[in-house]
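Chemist: Pasting a structure here, questions to come.
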Amino acid sequence: MKSNVIKSVLLIGIITFLYSCKKEDVLLPQANISVMNTIEDHSPIYFFYKTNETDTLVTVNAKNSISTTNWIFNIDKRLPLYLIIPEIKVLQSKKKRASHTNEEAMNVFSYSDSIAKNLAFLPFTDVQYKYDKDFSKFYIKEHSDLYLNYFNLTVNFNKHNQITVDGNDVEREEFIAFIKDFADFMSGGKTTIIHLNFDKRLTYEDYLQNKILAWQLTSEKVQLSSYEFIYDEEQLPECGCKL
């Protein structure tokens with residue numbers, strides 16, 4: 001079992017994995033803030049970027065994962081969500097079904113803090129992925145009884161990595177201020193829940209940077225839903241509305 005604390009300096013965002021004398025690299029995404037910068041008792045999981053003549057592929061190495069430890073997901077930033085989310089869901093399920101568990105163990109994504117020049121981590125232990133056919137505005141409508149006591153905002157990161165909030169275009173640099181002002185004005189004192197939606201064609205780097213952007217909104221009054229919607233636009237129901 002691994003008990004060391006990770007405090008790595010990562011200048012160019014590369015994690016190198018050595019196995020049977022074979023060297024493989026994972027290019028990590030970058031962000032300008034560290035959500036966490038230390039983690040103990042961990043198992044590494046690697047998602048490698050591969051290509052052939054026509055396709056992008058993912059290779060996952062989780063051989064050293066121990067179910068009672070914190071799992072660090074080291075994912076290559078170039079991989080699209082449609083390749084990595086199904087693999088993440090399989091690993092989440094594997095950890096939950098393990099004969100030995102630790103309720104305090106986390107799952108975290110690793111990335112490079114481009115300002116502090118260190119390895120950083122974003123927890124996603126409680127995230128449950130809705131994949132392909134779901135989008136939060138439809139899910140909320142279908143389960144309205146669960147959300148009546150909250151002020152709900154649907155945030156979408158589309159295939160061009162542009163942002164909409166309840167169907168309204170919002171510039172990235174204005175996103176945090178817009179959500180805070182809008183929630184203060186419209187929530188009526190209710191807790192605000194932000195429901196995150198991502199087009200599955202986005203890269204992992206886009207995804208992680210967007211998650212960290214949304215994480216900066218969290219407070220006593222603003223929460224992120226534990227459900228995340230990774231959608232295929234062609235499989236969503238026709239609504240005649242802007243997502």
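The values are calculated or read from the model by the stated rules, or taken from the named source; none is laboratory data. The shown structure was predicted, so the numbers you read here are calculated from the model rather than taken from an experiment. Every residue, glycine as well, gets a Cβ built from its backbone with ideal geometry; the counts of neighbours run over all protein chains shown. SASA here: full protein model, heavy atoms, side chains in, ligands and nucleic acids out. Shrake-Rupley method; radii C 1.70, N 1.55, O 1.52, S 1.80 Å.
Chemist: Cβ-Cβ under 6 Å, sequence separation 6+ or interchain: first residue in the stretch 134-147 and under 19 Å from Ile230 (Cβ atoms) and of a type outside the set (A, V, I, L, M), partner at pLDDT below 95 and buried (at least 16 other Cβ atoms within 10 Å of the Cβ). Which pairs?
Modeler: As it stands, the answer is Phe135/Leu236, since those pairs meet every condition given.
Chemist: Failed condition for Asp126, given (1) open to solvent by 50 Å² or more (accessible area, probe 1.4 Å); (2) modelled with pLDDT under 95; (3) acidic (Asp, Glu); (4) under 19 Å from the mean Cα position of the chain (by Cα), with all others met?
Modeler: (2)
Chemist: Within 25 Å of Phe157 (Cα to Cα) and in contact with a Gly (Cβ under 6 Å, 6 or more places away or on another chain) - does that describe any residue in the stretch 40-50?
Modeler: Within the stretch 40-50, not a single residue is within 25 Å of Phe157 (Cα to Cα) and in contact with a Gly (Cβ under 6 Å, 6 or more places away or on another chain).
Chemist: Oh, and also: Determine, yes or no, whether Glu40 is among the acidic types (Asp, Glu), open to solvent by less than 50 Å² (accessible area, probe 1.4 Å) and modelled with pLDDT under 95.
Modeler: no
Chemist: If Gly188 passes every condition in (1) touching a His at 6+ places or on another chain (Cβ under 8 Å); (2) without any contact (Cβ under 8 Å) to a residue 60 or more places away in the chain; (3) more than 28 Å from Leu27 (Cα to Cα) but one, which one does it miss?
Modeler: The single condition Gly188 does not satisfy is (1).
Chemist: Please enumerate the residues belonging to the stretch 99-123 that are under 27 Å from Leu28 (Cα atoms), among the charged types (D, E, K, R) and surrounded by fewer than 17 Cβ atoms within 10 Å (Cβ to Cβ).
Modeler: Hits for the stretch 99-123 are Glu104, Lys117.
Chemist: Hey, can you tell me all the residues within the stretch 43-68 that are crowded, with 16+ Cβ neighbours inside 10 Å and either more than 20 Å from the chain's Cα centre (by Cα) or not hydrophobic (A, V, I, L, M, F, W, C) (or both)?
Modeler: Hits for the stretch 43-68 are Ser43, Pro44, Tyr46, Tyr49, Asn61, Ser65, Ile66, Ser67.
Chemist: Report whether or not Ala214 is part of a helix (DSSP H, G or I) and under 27 Å from Val26 (Cα atoms).
Modeler: Here the answer is yes, as Ala214 does meet what is asked.
Chemist: Can Phe73 be described as hydrophobic (A, V, I, L, M, F, W, C), touching a Leu at 6+ places or on another chain (Cβ under 9 Å) and more than 18 Å from Ile212 (Cβ to Cβ)?
Modeler: Taking the combined requirement at face value, the residue does not satisfy it.
Chemist: As an exercise: evaluate Ile176 against (1) over 14 Å from the mean Cα position of the chain (by Cα); (2) open to solvent by 60 Å² or more (accessible area, probe 1.4 Å); (3) at pLDDT 95 or above and give the number of the one condition it does not meet.
Modeler: It fails just one condition, (2).
Chemist: Specify the residue that is farthest from Asn156 (Cα to Cα); the eligible residues are those in the stretch 203-213 that are surrounded by fewer than 21 Cβ atoms within 10 Å (Cβ to Cβ) and of a type in the set (A, V, I, L, M, F, W, C).
Modeler: Filtering the stretch 203-213 for residues that are surrounded by fewer than 21 Cβ atoms within 10 Å (Cβ to Cβ) and of a type in the set (A, V, I, L, M, F, W, C), the one farthest from Asn156 (Cα to Cα) comes out as Ile212.
Chemist: Can you name the residue in the stretch 221-241 that is over 24 Å from Met186 (Cβ atoms) and either in contact (Cβ under 8 Å) with a residue 40 or more places away in the chain or surrounded by 11 or more Cβ atoms within 10 Å (Cβ to Cβ) (or both) and, of all such residues, is nearest to the chain's Cα centre (by Cα)?
Modeler: It comes out as Ile230.
Chemist: Quick test of your reading of the structure: Lys137 fulfils all but one of (1) part of a helix (DSSP H, G or I); (2) surrounded by fewer than 16 Cβ atoms within 10 Å (Cβ to Cβ). Name the failing condition by number.
Modeler: Single failed check for Lys137: (2).
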